[in-house]
1. Might you let me know whether region 673-682 holds any residue that is within 26 Å of residue 607 (Cα to Cα), out of contact with any Asp or Glu (no Cβ under 7 Å at 6 or more places or on another chain), open to solvent by 10 Å² or more (accessible area, probe 1.4 Å) and at pLDDT 95 or above?
2. Of these, 263, 281, which one is within 25 Å of residue 358 (Cβ to Cβ), within 25 Å of the chain's Cα centre (by Cα) and aliphatic (A, V, I, L, M)?
3. Among the numbered criteria (1) in contact with a Pro (Cβ under 7 Å, 6 or more places away or on another chain); (2) within 26 Å of residue 54 (Cα to Cα), which single criterion is violated by residue 293?
4. Looking at residue 147, is it open to solvent by 40 Å² or more (accessible area, probe 1.4 Å), out of contact with any helix residue (DSSP H, G or I) (no Cβ under 6 Å at 6 or more places or on another chain), free of Cβ contacts under 8 Å to residues at least 12 places away in the same chain and of a type outside the set (Ser, Thr, Tyr)?
5. List pairs: first in region 663-682 and assigned to a helix (DSSP H, G or I), second open to solvent by 10 Å² or more (accessible area, probe 1.4 Å) and polar (S, T, N, Q), Cβ under 7 Å, 6+ apart or cross-chain?
6. Report those strands (runs of 3 or more DSSP E) wholly inside region 556-660 carrying at least 2 residues which are farther than 28 Å from residue 371 by Cβ and touching a His at 6+ places or on another chain (Cβ under 9 Å).
7. Which pairs have Cβ atoms under 6 Å, sit 6 or more apart or on different chains, and link a residue in region 249-267 that is under 20 Å from residue 490 (Cβ atoms) to one that is modelled with pLDDT under 95 and among the aromatic types (Phe, Trp, Tyr)?
8. Check off (1) more than 16 Å from residue 471 (Cα to Cα); (2) open to solvent by less than 10 Å² (accessible area, probe 1.4 Å); (3) within 23 Å of the chain's Cα centre (by Cα) for residue 531 and give me the number that stays unchecked.
Amino acid sequence: MAARDQHGPQAPWGDAFQVVGKPHRKVDGMAKATGQAIYTDDIQLPGMLHAKLLRSPHAHANIVSIDTQKARAIPGVHAVITGADLPTRYGVIPWTMDETALAVDKVRFIGDPVAAVAAVDEDTANLALNAIEVEYELLHAYLDPREALERGEPTIHANKRGNNVSKQVDLAFGDVDEALESADLVVEGDYSFHGSTHGAIEPHCAVAQVDAQGLLTLWSSTQITHYVHRALAHVLDLPAHRIRVIQPSLGGAFGGKSDPFALEFVTAKMAQMTGRPVKMLWTREEVFYAHRGRHPMQMHYKTAADKDGKVRAVDAKILIDGGSYSSFGLVTTYYSGQLLTGPYAFPAYRFDSTRVFTNKPPCGPKRGHGSVQPRFAFEVQLDEVAEKLGIDPIEIRRRNYLGEHTQTVNGQRITSNGFLECLDKVERASAWKERHGKLPSGRGLGVAGSMYISGTNYPIYPNDMPQAGIQLKVDRSGLVMVFTGGNDIGQGSNSVVAYLVAEELGLELDAVRVIAADTDLCPVDLGAYSSRVTFMVGNAAIDAARKLRKLVVQALAEKWEVPEQRVRLVGGFAVDLEDPERHVPSREAFQLAEARFDTLGSTGSYNTPTLGGDYRGGTIGASPAYSFTAHIVEVEVDEETGRIRVPKVWCAHDCGRALNPMLVAGQIEGSVYMGIAEALLENHDMNRFGLHAGPSLLDYRMPTTIDTPEIEALIVESVDPEGPYGAKEAGEGPLHSAIPALSNAIFDACGIRLRHLPFTPAKVLAALREKRAREAADASVSTSTSSTPAV
């Protein structure tokens, strides 16, 4: 820094950006790589107790009685609680609060928490769990969503309707029936998407402590600090200002930590009861049962098209297996239909989605929440339309391009749209024109496209306050502290905030420090979900930084007696653009501004404009900007064994502007990896009793480096007019179309349509047998016809 102070700024004035758009390491990258980062389980407090949960062995049962006397008598046990101690219902969505921290009257899936023990160590806690006696009255268990839809006795959750429906949405836009009757072609089919889980490396963990003044502090591996704070106040009946929630470093989430969970309430309650810190760390098996993963869906689609390939209408009927509790299910049900209306223009569209409860681990949001499954069905069906009409699969997608600065059929506002460039990039990179339909038997290429939100207009609980807030504090040393409630779950959101503040204030990155996800220190942010953080927190950071920059520039302009437009903050200096010899280090500029305006700092915020259609549910799925993606997958199918191999995937993603191209490429690669994994290997399944088929990373198959295809990440920058420096999301959108592109590639390779996930060797072989049987039957008919004597 001394050399820079002496010689002045070195950056060229003509560069549009000094930080944004350039590759940088994450601000926490070295701490994580060297083991210095502190995760929740790393927290060790004096006198800390360890808590464990007793979980139900039954999928559906009434709780007749619980006897905890023997457990309480074990030496080293400090507390035992049951549902009676935490009876208040909660849920992340205010209208669907149907969970309790511990089951009160009945259990609804194998693994449902029933009681908890806090002891001096985990072994003692586990010993006490075994001493708890629970009497159950077994009930019929629903493991098939269709049975849950058709049968209502017994209900999983008591309701006035007397059924197991969690949420039903039936919306229509335009005259779907007329389009289906008059179209040149209608393709109809059934598709299914299986369940999958997140597979984050770090299990759920929480540590609670109550201090001498009665302040409850909870450290949790959560991605929704603010909502956990609200839920704790609600369930514990504590004033919110008596609770502090902190998210330490997080070892992955992908949506799996976006609910409040039992361990957060249980540790907090036991810390209150015992006066000692309490930690609960879940085993990998417990993480599988807590779940909140991808919803299985059974989908029936009809697509009507003209002979030139223009889509006339889409009609969808979807049955969603929600598992045992609501979680984000209300939103899931809407997302399953609302988010399909791009990147293609639909003149008419209808969807009827029904989410039902079953006696399985509860489903929730997983990367690409609610829209990955319908995207799979529709993109495969669109490929079938192209095949029947003799149109190239990329060309049919171009012909139905939605456009930019327009509106979808269901009222979603579209700003920037780089989908055509995405198609162009993957087409060129994969040599599609030269290779599609021309590779040897067993090898093929498939394409698909998609659209996803950059945050949602729906703030979960209705309010007019900002969805994201930022506070800046300036030190006389030149350091700027950024306080954000945003949750960095590994995607690099803290880094993005640092880049934006450094860009606006003309600082080197080492002069910006980020404090995040601490409800005592940071402004409210709603959490890391729906790909909202870059867009919303990023805009809030720019808002705060520009307010601060204005003060600094004004103070310098007055000091130098020049117009404010001549003052620029860049490269760690404040510079007179017309007299570059006149410059001061940023710290001196900050000191001057502090002397002029008082203690230096600022706040910033972001809230979405009014968005969405004017109908019930019209705001759910409405976003200030949408990302667009195109995938091409190359596949090899062994027709003797049914084994599928993916050598390479090309993914072009329109992220608006890449604030850090290296981070964007990493998000694209991670999304592609996860999509291909779900299609070929992963399966979160239960046996006929509701017991998980394999709740461990040994049994739940995920790709290793050997199984992972080569991934070519292609960044498209449409520069959104409302994003921070034009940025949009990049963390979830690049997953969606990887799965249907794989299915379409399999068709190109060997002529079979795989419509039901996952794509196992057995399904491949079965489809090949059906294909050969059809071909033999067609050949027989053809031979019979040709041998018939002419009349």
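1. No, that holds for no residue.
2. On inspection, the qualifying residue turns out to be 263.
3. Among (1) in contact with a Pro (Cβ under 7 Å, 6 or more places away or on another chain); (2) within 26 Å of residue 54 (Cα to Cα), residue 293 violates only (1).
4. Considered against the rule, which asks whether it is open to solvent by 40 Å² or more (accessible area, probe 1.4 Å), out of contact with any helix residue (DSSP H, G or I) (no Cβ under 6 Å at 6 or more places or on another chain), free of Cβ contacts under 8 Å to residues at least 12 places away in the same chain and of a type outside the set (Ser, Thr, Tyr), residue 147 comes out as yes.
5. 667/491; 673/708
6. 573-576
7. 258/529
8. Going through (1) more than 16 Å from residue 471 (Cα to Cα); (2) open to solvent by less than 10 Å² (accessible area, probe 1.4 Å); (3) within 23 Å of the chain's Cα centre (by Cα) one by one, residue 531 breaks only (2).
The values are calculated or read from the model by the stated rules, or taken from the named source; none is laboratory data. No experiment lies behind these values; they were computed from the predicted model shown. We place every Cβ from the backbone using ideal geometry, glycine too, and count neighbours over all the protein chains shown. We work out accessible area using only protein heavy atoms, side chains counted, and drop any ligands, DNA or RNA first. Shrake-Rupley method; radii C 1.70, N 1.55, O 1.52, S 1.80 Å.
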